[in-house]
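All of the numbers you see were taken from the coordinates with simple rules; none came from a lab. What you are looking at is a predicted structure, and each value in this text was computed from that prediction instead of being measured.
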Amino acid sequence: DYRCYRLPVLAAADGTVVKVVADVPDNAVGERNAREPYGNLGLLQHGVGLYSLVAHLAPGSVEVREGQVVRQGARLARCGNSGRSFVPHLHFQLQGNARIGAPTLELTLSDVVTGDEKAQVLHRWLVPVEGQAVRALERRDQASTPFAFPLGQQLTFEVRGATGRVHRETVS
C-alpha cells in the first residue's frame, strides 16, 4: 500500500556524508517511535551552511558512511518507516547546520504533484509549506500525459502562478 517503501533514496546534490544512523527498526504501520524521531537518517553537507537530511530510512539499508563524498544521484539508502513515522515515507529537508533537527531552509521544487489521484495538481515550481504532501511527477500520473486521463475526470495545473483546469468528457 506504500509505493515508496524500500525504494532507493538518492543524494539530492554532491556532498559529504556527515552523519548516519542505520539501526533503528521500522515501525508497524500506525505506530511511531518518539524516542528516535528521525529514525535512520543520512545528513549530507553540500557547502558552507547547506545540509540536506533524509530520514525515516529502512533499517540495514544505509549504503554510505560518515566522511564519504557522494555525487548527486548516488544511492544513500532505502525508504522506510523508522522513527516518528506512522507510515512509510521519506523526510527530506535542507538546513543551515549539522545539528539533527535544525530549522529547515526554504527550497523550491520543480515538476511536482500535490493532491490525490482524484484531484491532482501539477506544479512547475513549488515552495512547499509545512505539512504539505508533495511527490515527483511520474509517468503514471495523469498530468504527465495530457488528456490521457479517464473520462469525467478533471486535471488541475499551475503555470506561472495561474491555475488552469482541463475536464475530459465526450460529446454526442
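Computed from backbone phi, the HN-Hα couplings of the range 15-26 come to x, 10, 6, 10, 8, 9, 10, 10, 10, 7, x, 5 Hz, rounded to whole numbers (Karplus: 6.51 cos²θ - 1.76 cosθ + 1.60, θ = phi - 60°; Gly and Pro given as x). Between Val24, Val159, Val87, the residue with the greatest mean-square fluctuation in the GNM of the chain (Cα pairs under 10 Å linked by springs) is Val159.
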